[in-house]
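The values are calculated or read from the model by the stated rules, or taken from the named source; none is laboratory data. All values derive from a computational prediction rather than experimental measurement. Note: ideal-geometry Cβ built from the backbone for every residue, glycine included; neighbour counts use all protein chains shown. With ligands, DNA and RNA removed, areas are computed over all heavy atoms of the protein, side chains included. Shrake-Rupley method; radii C 1.70, N 1.55, O 1.52, S 1.80 Å.
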Amino acid sequence: MHPGLRGLLVTTFIPLDRKMARMSALMFQKAHGAPLLTSEQQAVAAFNAHTAAVRAHVPADRLLVYRVGPDGWGPLCAFLGVPEPRGADGSVVPFPRVNERDAFIAMRRRIETLALALAVGSGAAAVAAVAVAARFAWRALRG
């Protein structure tokens, strides 16, 4: 790895990831009133406790227990009393799957690539500015 790129990663992206992790933990705690879950066991227990609390407080006729991936439009539209969305040809519009693991990973990679391009571009602009300033200084010194 180029030493300059290594320095950029160490000084820019690693601290940014740490700041993002801290921000995510604080947002989770604010939203859920509990610290960020750090293990699968904690996450499953918190999910089950939340689901039980919702089921205990919401009347059955006003509650839809819905699995986003496998259930699709059918149960959701039936619960809301609306028809399933259809395209111009009359076929049911496929259920969007934008928050699945692979889509999320691909989105994060696009963001990281853009951040790197912006950082490299900023570095190139700084080098160009220094070069221009050095050229003017050299001309001024030469008289």
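Of the set (1) modelled with pLDDT under 85; (2) not in a loop (DSSP other than H, G, I, E, B), all apply to residue 35 but (2).
Identify, please: which residue in the stretch 58-87 is among the aromatic types (Phe, Trp, Tyr) and under 25 Å from the mean Cα position of the chain (by Cα) and is, among those, surrounded by the most Cβ atoms within 10 Å (Cβ to Cβ)? Break it down into steps so the answer makes sense when it comes.
Narrowing the stretch 58-87 to residues among the aromatic types (Phe, Trp, Tyr): 66, 73, 79.
With the extra rule that they be under 25 Å from the mean Cα position of the chain (by Cα), the set shrinks to 66, 73.
Values: 66: 11, 73: 16.
Residue satisfying both the conditions and the ranking: 73.
All conditions but one from (1) open to solvent by less than 90 Å² (accessible area, probe 1.4 Å); (2) in a helix (DSSP H, G or I); (3) at pLDDT 80 or above; (4) of a type outside the set (Gly, Ala, Ser) apply to residue 55; the one that does not is (1).
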